[in-house]
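Enquirer: Handing you a structure now.
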Amino acid sequence: QNKVAVITGASRGCGKAIAEKLGALGAKLTVVGSSDRIFKTAEELKEKGYEVLAVKADVSIEEDVAELFNQTFDQFGQVDLLVNNAGVGQFKLAEEHSLEDFRRMFEVNVQGVFLCSTAVVPHMKERKEGTIITISSDVGRRTIANGSVYTATKYAVQGFSGSLAQELREFGVRVGTINPGAIDTYFADSEPGLDFKEDWLKVNDIAEAVAYMASAPKHMVVDEIMLHPLSQEYPN
Ligand code: NJP
């Protein structure tokens, strides 16, 4: 209630569902996306009665990230929750990836998490409260064929978040990751609702996990939530 949440990659997929869930719980929302789609999503959220700031920003660009937090502080005065959700993925054999594929996945999935997190850390440390949640992946904890570079980005994010959690614990700031299996979204140039994705996780499953992690009592940190479609073989 009355908390301020910044959600990256909120124009569609999991990020939009996370914004809807947090809005329904009474949070004020900064929703971030790299395309104009973010403004349409923000309008839909406003129609539900939520207080929303939409910022078009690429999380991999330092100036964009600075600007998104400047606008958030101007409008809401604080940040209680950062959800690092923006992410991109390409799936093919390692030798089929170009250096540009590699760079882009690391820029968005890793550099973006670094830039957004470090932009808000001093503020959270000063207030001695705050939560940073990163949507990582089950492939941040296991390896898969045809996902070498994407997997590498999510292992990197696990390392970054784990270390950050230890640095911020004494300041009362909580850091955790959500590590899902396959989710029915637009991810990797797909679209939701295709027949073969019928049994996959739904965006609301991820939104519920974020809400649980973010609303844990102050003395408690949920370090990690791992969730899979029941139909998905795991770990490999
Ligand atoms: O993907 P999608 P998901 N700066 O494609 C935005 C992880 N995950 O919801 O920029 C800012 O439907 C983009 O908006 P726009 C995955 O790694 C997924 O599935 O306007 N925003 C859109 O709103 C990721 O971390 C699966 O085009 C940027 C959103 O990000 C998270 O879940 C499995 C951006 C992506 O929506 C959400 O992905 C898994 C940028 N540079 C982990 N680039 C899965 N789907 O199966 C993109 O284990 N966006």
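Enquirer: If you count only protein heavy atoms with a 1.4 Å probe, what accessible area per residue comes out for the chain, rounded to a whole Å²?
Expert: Values: 11410 Å² over 236 residues.
Accessible area per residue: 48 Å².
Enquirer: Amide H to amide H under 5 Å from LEU227: which residues, 5+ apart in sequence or cross-chain, H placed 1.01 Å off N in plane?
Expert: The list, which skips near neighbours in sequence, is ASN179, GLY181.
Enquirer: Give me a comma-separated list of calculated 3J(HN,Hα) values for the range 138-149, in order, Karplus coefficients 6.51, -1.76, 1.60 applied at θ = phi - 60°, integers in Hz, x for any Gly or Pro.
Expert: 4, 7, x, 10, 8, 10, 9, 6, 6, x, 4, 6
Enquirer: Now a separate question. Rounded to the nearest 20 Debye, what is the dipole magnitude of the range 4-227 about its Cα centre when Lys and Arg each give +1 and Asp and Glu each give -1 at the C-beta? Display every interim value, and only then the final one.
Expert: Values: 23 positive and 33 negative charges, 115 e Å.
Roughly 560 debye, rounded to the nearest 20.
Enquirer: Please list, in chain and number order, the residues 5+ apart from SER34 or on another chain whose amide H is under 5 Å from its amide H, with Hs placed from the backbone.
Expert: Result for SER34 returns ALA57.
Enquirer: For each pair in LYS16/LYS218; LYS3/LYS56; LYS21/LYS125; LYS56/LYS154; LYS125/LYS154; LYS28/LYS218, compute the distance between the two Cα atoms and list the pairs where it is over 30 Å.
Expert: Where the Cα-Cα span goes over 30 Å, no listed pair is concerned, since all stay within it.
Enquirer: In percent, how large is the relative contact order of the chain, given Cα pairs closer than 8 Å and 6 or more residues apart? Don't jump to the answer; show the numbers that get you there.
Expert: On the way: 457 pairs, mean separation 45.4, N = 236.
19 percent.
Enquirer: Shape call for the chain from the C-alpha gyration tensor, a ≥ b ≥ c root eigenvalues: rounded (a/c under 1.5), prolate (a/b greater than b/c) or oblate? Mind dumping the intermediate values first?
Expert: Details: a/c = 1.42, a/b = 1.31, b/c = 1.08.
The shape class here is rounded.
Enquirer: What percent does the relative contact order of the range 129-236 come to when contacts are Cα pairs within less than 8 Å and at least six residues apart?
Expert: Details: 151 pairs, mean separation 34.1, N = 108.
Once normalised by length, the contact order is 32 percent.
Enquirer: Rolling a 1.4 angstrom probe over the protein chains, ignoring ligands and nucleic acids, what is the accessible area of HIS123 in square angstrom, nearest 10?
Expert: Counting only protein heavy atoms, HIS123 exposes about 40 Å² to solvent.
Enquirer: Can you send over the carbon and sulfur percentage of the accessible area for the chain, probe radius 1.4 Å, protein chains only? Walk me through the numbers on the way to the answer.
Expert: Details: 5650 of 11410 Å².
Taking all protein chains in place, the chain shows 50 percent carbon and sulfur surface.
Enquirer: Work out the length of the dipole vector of the range 142-201 about its Cα centre, built from +1 on the beta-carbon of each Lys and Arg and -1 on the beta-carbon of each Asp and Glu, and round it to the nearest 20 debye.
Expert: Dipole about the Cα centre, nearest 20: 400 debye.
Enquirer: For the range 105-118, just list the computed ³J(HN,Hα) in residue order, Karplus coefficients 6.51, -1.76 and 1.60, θ = phi - 60°, integers in Hz, with x standing in for Gly and Pro.
Expert: Going residue by residue, I get 5, 5, 4, 6, 6, 10, 4, x, 5, 4, 5, 5, 5, 5 Hz, with x marking Gly and Pro.
Enquirer: Next question. Using DSSP to define loop residues, name the chymotrypsin sites (Phe, Trp or Tyr not before Pro) in the range 73-145 whose beta-carbon has at most 13 other beta-carbon atoms within 10 Å. If you can, show how the numbers build up before the last one.
Expert: Values: sites: PHE73, PHE76, PHE91, PHE102, PHE106, PHE114; in loops: PHE91.
Passing sites in the range 73-145 do not exist.
The values are calculated or read from the model by the stated rules, or taken from the named source; none is laboratory data. This is a predicted model, so every value here is computed, not measured. Heads up, the Cβs are rebuilt from the backbone with ideal geometry, glycines too, and the neighbour counts pull from every protein chain shown. Accessible surface areas use protein heavy atoms only, side chains included; no ligands, DNA or RNA. Shrake-Rupley method; radii C 1.70, N 1.55, O 1.52, S 1.80 Å.
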